[in-house]
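Peer 1: Provided herewith is a single structure, encoded as structure tokens, for subsequent inquiry.
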Amino acid sequence: MPELDWDYPNPFTLAVSPDETDIDGLSHTNNAVYVRWCENIGWAHSEALGLSLEDWKRLDRALAIRRGEYDYLLPSFLGEELVLGTWLTRSDGKLTFERSFQLIRPHDRLTIMRGRWSLVCIEMSSSRPRRLPAEFSAGYQPAMVASPKECA
């Protein structure tokens, strides 16, 4: 696989490929599929960092999406091999995180989609904002990306 031009260093990656159910009436991947893939990689990255949904339940804390932004740059098509990358790109250390995404088509190294989530820590039992627990800081802060590469 050729070296890919990631926006940030050392992405956590997931290989994805649209199947028949992902294709919309315009004959390309439906935008909602990209959102689903972002959710899948977000969970996989969290679990790789040692924090699963079971941990969140035990701590009665979660990172809820406050805002999701997606820039759909190019279409993708049935069966194309794609690579989705994610990073934790910002945190105030108290209540919020930001997670960024980039979807690349390796055969031509083009970026298909970029996305970003603004996340807020909540108490699961009340859905109210709460301070990040020590376990979140210990698991997520070391994975923070210090600074992005210059985007073209």
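Readers should treat all values here as calculations from the given coordinates under stated rules, not as data from a laboratory. What you are looking at is a predicted structure, and each value in this text was computed from that prediction instead of being measured. Every residue, glycine among them, receives a Cβ derived from its backbone with ideal geometry; neighbour counts consider all protein chains shown.
Peer 1: For the chain, take the longest principal axis of its alpha carbons; what is the angle in degrees between that and the long axis of helix 31-48, to the nearest 10 within 0 to 90?
Peer 2: For helix 31-48, the angle is close to 50 degrees.
Peer 1: Still on this structure, please answer the following. I'd like the FRET efficiency for Glu39 and Asp108, computed as 1/(1 + (r/R0)^6) with the beta carbon distance as r and R0 of 25 Å, rounded to 0.05.
Peer 2: 0.45
Peer 1: Go ahead and run the numbers for FRET between Arg90 and Ser27, Cβ-Cβ distance against an R0 of 35 Å, rounding to 0.05. Kindly include the intermediate steps, with their values, before the conclusion.
Peer 2: Numbers: r = 36 Å, r/R0 = 1.04.
Rounded to the nearest 0.05, the efficiency is 0.45.
Peer 1: If I build a Gaussian network model for the chain, linking alpha-carbon pairs within less than 10 angstrom, which residue out of Phe77, Phe136, Phe12 has the largest mean-square fluctuation?
Peer 2: Greatest mean-square fluctuation among the candidates belongs to Phe77.
Peer 1: Given the options Val35, Phe77, Gly25, identify the residue whose Cα lies farthest towards the positive end of the charge dipole of the stretch 1-111 (+1 on Cβ of Lys, Arg; -1 on Cβ of Asp, Glu).
Peer 2: Among Val35, Phe77, Gly25, the one farthest towards the positive end of the dipole of the stretch 1-111 is Val35.
Peer 1: Further, regarding this structure: Please order Ser52, Ser100 by the number of other Cβ within 10 Å, starting at the fewest.
Peer 2: Result, fewest neighbours first: Ser52, Ser100.
Peer 1: Same structure, new question: Return Thr21, Thr86 ranked ascending by Cβ neighbour count within 10 Å, so the fewest neighbours appear first.
Peer 2: Taking fewest neighbouring Cβ atoms as first place, the list is Thr21, Thr86.
Peer 1: Further question: Given a 10 angstrom Cα cut-off, can you work out which residue in Tyr34, Tyr140, Tyr72 is the most mobile in a GNM of the chain?
Peer 2: Answer for the Gaussian network model of the chain: Tyr72.
Peer 1: Restricting everything to alpha-carbon atoms, can you work out Rg to Rh for the stretch 93-152 with a Kirkwood hydrodynamic radius?
Peer 2: Reported Rg/Rh (Cα atoms, Kirkwood Rh): 1.11.
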